[in-house]
Ligand code: C2E
Ligand code: CA
Ligand code: CA
């Protein structure tokens with residue numbers, strides 16, 4: 001029981017309680033007596049608040065003891081209800097081991113029930129006494145009885161909780177105003193009805209069973225929650241307690257019901273339920289609700305598991321607020337794409353969404369659903385003045401292939417999504433159980449990445465970048481590889497997108513930068529000519545790091561590499577706009593002498609005018625611009641014009657141009673005619689380990705300065 005510190009809280013509450021009762025009619029008691037009594041009852045309240053069946057009994061006994069101590073006034077009960085309602089949580093909540101508002105409401109109900117029943121029993125007792133006193137003392141006894149009855153009537157009428165008196169036949173004899181208000185009917189209207197009129201239809205069975213237990217004496221009371229529909233259509237949620245009042249001989253006379261309006265509490269619960277199951281940003285069902293639905297879904301089940309492509313880049317470059325608005329817009333499109341076909345769309349977190357198709361007869365139906373989603377996202381999303389294009393990759397599964405176990409379905413969906421991501425994004429892929437051994441989930445990949453990096457599973461390959469006029473090696477692009485212990489060598493398109501989406505790219509990029517700089521320093525030491533540089537890919541997220549410039553300069557410094565032996569490859573997306581000081585970073589790097597190039601030109605915004613204002617030195621034309629579908633000897637004139645225009649525009653902006661993905665001599669010849677400066681591609685060398693790259697340089701050196 002309470003220790004010294006807890007007694008302070010009990011005293012405080014008892015004092016409040018006593019103060020609240022001061023206005024009520026008082027029996028002959030000193031202030032000290034009152035406080036001592038209330039302190040004792042407070043200790044009991046704390047125990048009652050701890051809950052359980054015993055909790056209700058204890059609560060009742062508090063009400064009954066008040067009456068026993070001669071507090072029989074309605075005001076006593078109402079003030080007590082107030083004190084419980086306003087202070088119990090704050091004063092005693094912790095003592096009682098953490099109490100919620102619902103516990104307070106039921107404790108109020110229990111205390112009120114104990115109080116009302118005790119007052120009524122007093123009346124009966126005094127009626128008995130009247131009879132026993134017979135004629136002699138008739139007058140005085142009758143007076144007492146009448147006073148007692150009047151007191152009950154006062155409690156009844158003025159109580160803030162609902163009270164009803166019900167005959168043993170279930171017919172309502174009377175209700176007080178609070179009860180009538182709760183039920184939305186006036187007092188007269190309630191008399192003569194049965195308790196079935198108070199209890200909601202779904203609880204009627206339970207109520208009848210309880211009521212007959214009361215009558216048979218199998219139970220002394222019962223308690224239930226029920227919803228009552230008022231005549232005006234509103235629904236009142238009621239916590240209802242019923243107990244039997246017996247006469248002196250133990251014969252049940254009637255039943256007293258005490259009702260506490262818990263509509264507010266219910267509303268709160270519903271709100272909490274909603275909050276726990278709906279995503280606050282998009283108001284779509286969240287992960288919790290999705291898994292609840294999935295585990296109960298009607299078979300067969302289809303799932304489309306989708307993830308926006310490059311969302312992290314959008315978030316990083318345009319800001320979280322824009323990212324959030326984009327997600328809301330995407331949610332809206334997704335909801336519309338399933339409108340009317342009974343599917344469920346949920347947000348699993350971040351930029352991951354899932355669509356659940358229940359009773360999905362054919363796997364084709366899920367694929368059509370996936371097509372709908374891609375269609376729904378095809379149109380750019382307008383936010384303020386900007387049109388943003390988002391694409392999604394979708395993993396499609398059907399329970400026919402996986403069974404209906406939610407974990408299996410999700411794993412399969414994840415694998416399929418991973419497939420969609422690595423085969424080029426903006427598409428869906430269907431789960432193929434035949435993939436078996438190489439099953440990789442994006443999640444497992446993402447979680448494994450940092451540890452794999454620490455274990456040294458990553459290495460770099462170097463691909464030569466040559467001058468087109470004489471094929472002299474100018475530098476090497478460093479390309480990351482993952483030697484996975486189980487899956488073998490993984491190309492970057494299988495882990496870079498995931499690293500970007502999870503943010504692991506920052507750590508990985510740091511390692512790439514350091515490793516490439518170390519290699520470049522070796523070449524610097526070994527060969528004075530040609531002055532080869534190393535070209536390192538930089539993801540948008542890296543550039544957004546406030547420490548990025550300092551890290552690059554430190555990487556150079558650590559190995560003593562001149563800044564012009566390092567080139568950084570940035571995408572247009574990363575440098576678009578200047579939301580987070582990207583431009584400042586570029587200027588500082590350029591000022592330090594680091595070479596900067598725009599990578600993958602022709603796949604992003606392709607805004608040359610904008611690029612002209614950036615401190616970059618070079619443009620790398622994406623290999624998709626060279627791939628025309630026609631034999632390279634007969635270039636597609638329209639396509640050729642684009643390449644030609646790009647090169648000449650770039651030159652007018654003082655940018656060098658390097659063409660990527662040059663595979664044939666015809667392509668190289670054509671590019672030379674268009675005055676393209678450099679080239680990279682299989683024709684000049686595939687990505688190779690550092691040692692092979694070193695041999696390549698020495699061959700060139702030998703050619704340049706024959707021994
Ligand atoms: P990228 O920066 O455009 O790199 C060039 C890609 O084209 C490389 O693919 C290279 O192997 C490939 N390639 C080169 N010549 C040819 C050719 O003649 N024909 C064809 N078909 N392909 C050619 P890889 O190594 O698979 O890298 C793919 C992408 O992964 C890179 O594209 C780059 O965006 C990313 N990446 C690679 N390493 C890193 C890194 O360390 N950091 C970051 N952020 N991204 C990286
Ligand atoms: Ca690159
Ligand atoms: Ca590229």
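Just so you know, all these numbers are worked out from the coordinates, no wet-lab data involved. All figures in this text were calculated on a predicted structure; none of them were measured in a lab. No Cβ is skipped: glycine too gets one built from the backbone with ideal geometry, and neighbour counts run over all protein chains shown.
Return the whole-Å distance between the Cα centroid of the stretch 293-346 and the Cα centroid of the stretch 441-503. Between the Cα centres of the stretch 293-346 and the stretch 441-503 lies a distance of 30 Å.
Against the main long axis of the alpha-carbon atoms of the chain, helix 74-87 sits at an angle near 20°. Every pair of different Cα atoms in the stretch 186-268 enters the Kirkwood calculation, which places the hydrodynamic radius at 13.8 Å.
How long are the semi-axes of the equivalent ellipsoid of the stretch 271-382, taking √(5λ) for every eigenvalue λ of the Cα gyration tensor, in whole Å from largest down?
The three semi-axes for the stretch 271-382 are 24, 18, 11 Å.
Counting only DSSP beta bridges whose two residues both lie in the chain, roughly 75 percent are antiparallel. Sorted largest first, the principal axis extents computed over the alpha-carbon atoms of the stretch 499-542 equal 40, 13, 10 Å.
Rounded to the nearest 500, the 222 nm mean residue ellipticity of the chain from helices alone is -15500 deg cm²/dmol, with -39,500 (n - 2.57) taken per DSSP H run of at least 4 residues. Computed over the stretch 379-475, the alpha-carbon pair-distance distribution with 10 angstrom bins reads 14, 26, 23, 23, 12, 3, 0, each value a whole percent. The Rg/Rh ratio of the stretch 316-384, with both radii computed over alpha carbons and Rh defined as the Kirkwood radius, is 1.02.
Its Kirkwood hydrodynamic radius, worked out from the mean inverse distance over all distinct Cα pairs, puts the stretch 311-460 at 16.8 Å.
Put in order of Cβ neighbour count within 10 Å, fewest first, the listed residues 71, 278 become 278, 71.
Among 620, 641, a tally of other beta-carbon atoms within 10 Å of each Cβ gives an order, fewest to most, of 641, 620.
Largest first, the extents of the alpha carbon coordinates of the stretch 654-696 on the three principal axes equal 33, 26, 14 Å. The angle between the Cα long axis of helix 582-592 and the longest principal axis of the Cα atoms of the chain comes to about 40 degrees, rounded to the nearest 10. The label point for residue 275 and the one for residue 227, both projected 7 Å from the Cα toward the Cβ, are 2.1 nm apart. Nearest 0.05, what FRET efficiency do residue 234 and residue 653 give at R0 = 41 Å with Cβ-Cβ as r? About 0.05, to the nearest 0.05.
Taking only Cα atoms of the chain, what ratio of Rg to Rh do you get with Rh as the Kirkwood inverse-distance radius? That ratio is 1.23, to two decimals. From largest to smallest, the equivalent ellipsoid semi-axes obtained for the stretch 526-567 from the alpha-carbon gyration tensor read 23, 12, 6 Å.
Using 0.36 nm per residue and subtracting the Cα-Cα separation, the extra length available between residue 70 and residue 142 on full extension is 24.0 nm. So how far, in whole Å, is the C-alpha centre of the stretch 175-211 from the one of the stretch 641-679? Using only Cα atoms, the two centres lie 87 Å from each other. Here the peptides 180-186, 40-46 are ranked by packing, the mean other Cβ count within 10 Å, and the order with the highest first is 40-46, 180-186. Between the C-alpha center of the stretch 238-292 and that of the stretch 395-435 there is a gap of 42 Å. Exposure proxy ranking for 77, 190, 224, 445, based on other Cβ atoms within 10 angstrom of each Cβ and starting from the fewest, stands as 224, 190, 445, 77.
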